[in-house]
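Please treat every number below as a calculation from the coordinates, not as lab data. Computed from a predicted model, the values in this text were never measured in an experiment. As a convention, Cβ positions derive from the backbone with ideal geometry for all residues, glycine included, and neighbour counts pool all protein chains shown.
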Amino acid sequence: MSTTDLDKKYLWHPFTQMADWMSPDYEPVVIVEGYGAVLRDERGNEYIDGNSSIWTNLHGHRHPKIDAAITEQLKKIAHSSFLGLTNEVAPHLAKKLVDAMDSPEKKYRVFLSDDGSTAIEAGLKMMIQAREQRGEPKRKQTVSLSQGYHGDTIGAMSLSHSKTFHRPFSPLMFPTREVMSPACYRCPYNKAKSVRRQDARETRKCHWECVGELAKVLDQNPDETAAFVMEPLVQGAAGMVMHPSGYLAKAAKLCRDRGIWLMLDEVFTGFGRTGALFACQKENVQPDVIALAKGLTGGYLPLAATLTSGEIFDAFLGDYASFKTFFHGHSYSGNPLGAAAALANMELLSEPGFEEAAAKKAKKLRDLTKIFWTHPNVGDVRQEGFICAIELVADFASRQPFAPQERMGHKVCEAAKKHGLLTRPLGNVLLLMPPYCIRESQMKTAVDALWKGLCEVVPLAKTPAKSPKR
């Protein structure tokens with residue numbers, strides 16, 4: 001039985017309609033190896049890894065320094081319990097992360113877990129339990145952004161507002177208050193007309209109504225609000241929704257003035273993606289809790305970290321009989337292999353010249369993707385650091401989207417695959433977010449492949465009729 005046959009018979013893939021996957025007509029790509037920004041399938045075809053293997057891979061596949069770090073650790077021990085024990089790797093990683101946050105007044109502590117959802121879940125539980133133990137039992141409510149996605153565990157889903165992903169599980173979720181996302185391209189308060197060749201954030205005409213809406217929500221029973229949770233600068237799964245510069249700092253001040261904790265989900269935006277090590281550092285914001293994962297190990301192994309302030313940590317200190325312990329954990333917490341990979345990743349990120357080289361490549365990506373503005377069915381091209389999103393629309397002037405059942409993003413990415421690019425859309429939003437190691441020639445190949453895919457699905461000379469309004 002071939003690998004494909006085995007897969008179709010026995011596996012269940014995430015975020016995948018398995019009826020399509022199991023169709024005899026569908027031939028999945030079977031990846032067998034990778035090097036740098038390139039992936040190779042079992043037939044010898046090569047592809048640019050256009051979304052960094054679902055937003056995780058930072059420095060490319062088979063990076064010699066990360067490979068060596070894992071190999072050296074494997075010679076010693078792969079895993080031992082972190083409950084009542086420690087190891088010689090995790091404490092050094094914790095220090096690296098705290099030092100990178102550069103916030104002596106917050107006195108961050110690091111809790112290690114497995115992935116983005118568990119990092120969020122741990123942070124949420126920390127805040128709720130800390131409020132209780134600080135004598136603030138009423139402060140259990142949370143506020144989060146519209147369109148948000150924070151993971152698929154119950155707590156993470158409750159903080160999210162994604163009907164597509166989480167509707168079937170609504171009976172299991174606890175209520176959270178939703179506030180509008182600062183999404184300039186589709187903001188009802190933005191009076192600017194669509195302008196080609198300009199990110200909607202640059203042409204917006206508004207009075208920061210999104211900040212005003214946040215203030216209104218935070219002022220509803222502030223004495224019962226524990227925290228405001230958001231993805232800083234870019235909401236990933238929402239469709240790479242990118243916030244206007246200044247929103248994060250304004251939101252942080254609103255929280256600070258009301259004694260509401262700010263929790264930032266940097267599972268996706270962390271480790272250089274936005275042009276700073278952490279997205280919050282671009283606006284000099286120091287959150288009370290920050291969740292990290294995905295790129296933490298450079299895309300090698302499952303590992304996540306929740307950094308929490310000393311103010312929250314201190315609420316858990318007491319004698320055993322007080323039962324103030326944080327009764328939460330994971331079998332693979334503090335895994336030495338993951339921690340070793342993460343340490344190597346942090347060292348690569350801090351190498352002299354890394355930031356400058358990444359910024360130069362980000363500018364090149366911006367220059368190359370300007371071609372998409374010439375397509376009549378591209379509504380917005382937005383970029384934050386090394387994250388580029390191209391939003392497809394049925395009509396440019398009205399910003400009317402293609403109907404979901406048309407699967408335009410999916411069709412374009414399938415077409416681009418034939419030209420040597422692997423990436424995955426977010427509905428009608430195309431994504432280019434390659435590893436930092438990508439060469440300029442490879443970047444051009446990736447952009448050309450996506451452009452060709454778009455023009456094959458929606459030819460320049462013949463654009464489709466407008467999708468019906470929904």
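Partner aspartates and glutamates whose Cα lies under 16 Å from the Cα of LYS107, excluding those fewer than 8 positions away in the same chain, are identified as ASP99, ASP288, GLU311, ASP314.
Each principal axis of the Cα cloud of region 1-49 was taken in turn, and the coordinate range along them, longest first, works out to 32, 25, 18 Å. Packing-based ranking of 370-376, 389-395 yields 389-395, 370-376, ordered from highest to lowest mean Cβ neighbour count within 10 Å. The alpha carbons of region 379-433 give a radius of gyration and a Dmax of 11.4, 33 Å, in that order. Listed by chain and number, the aspartates and glutamates placed with their C-alpha closer than 16 angstrom to that of LYS363 are ASP199, GLU355, GLU384, GLU440; residues fewer than eight positions away on the same chain are left out.
In terms of distances greater than 30 angstrom between alpha carbons, the cross-link table entries LYS76/LYS96; LYS8/LYS294; LYS294/LYS360; LYS75/LYS444; LYS138/LYS294 yield LYS75/LYS444; LYS138/LYS294.
Gyration tensor analysis over the Cα atoms of the chain returns equivalent ellipsoid semi-axes of 35, 29, 21 Å (largest first, whole Å). Spin-label model, TYR35 to LYS65: label points 7 Å out along the Cα-to-beta-carbon direction sit 2.0 nm apart.
Segment GLU72..ILE371, full-extension length gain: 103.1 nm, with 0.36 nm per residue of separation and the alpha-carbon distance subtracted.
Screening the chain for DSSP H helices whose Cα atoms reach 18 Å or more along their own axis and whose mean Kyte hydropathy is at least 0.0 gives 336-349.
Applying the criteria of a DSSP loop state and at most 11 other Cβ atoms within 10 Å to the chymotrypsin sites (Phe, Trp or Tyr not before Pro) of region 163-227 yields no site.
Taking every C-alpha pair closer than 8 Å and separated by at least 6 residues, the mean separation divided by the residue count of the chain gives a relative contact order of 21 percent. Percent relative contact order of region 99-236, based on C-alpha pairs within less than 8 angstrom and at least six residues apart? Reported relative contact order: 27 percent.
Considering all different alpha carbon pairs of region 76-349, the Kirkwood hydrodynamic radius works out to 19.3 Å. Checking the cross-link pairs LYS65/LYS106; LYS253/LYS282; LYS140/LYS253 against a 25 Å limit on the alpha carbon distance flags LYS65/LYS106 as lying beyond it. Given a cut-off of 23 Å, what percent of all Cα-Cα pairs of region 1-82 lie beyond it? Percentage above 23 Å: 44.
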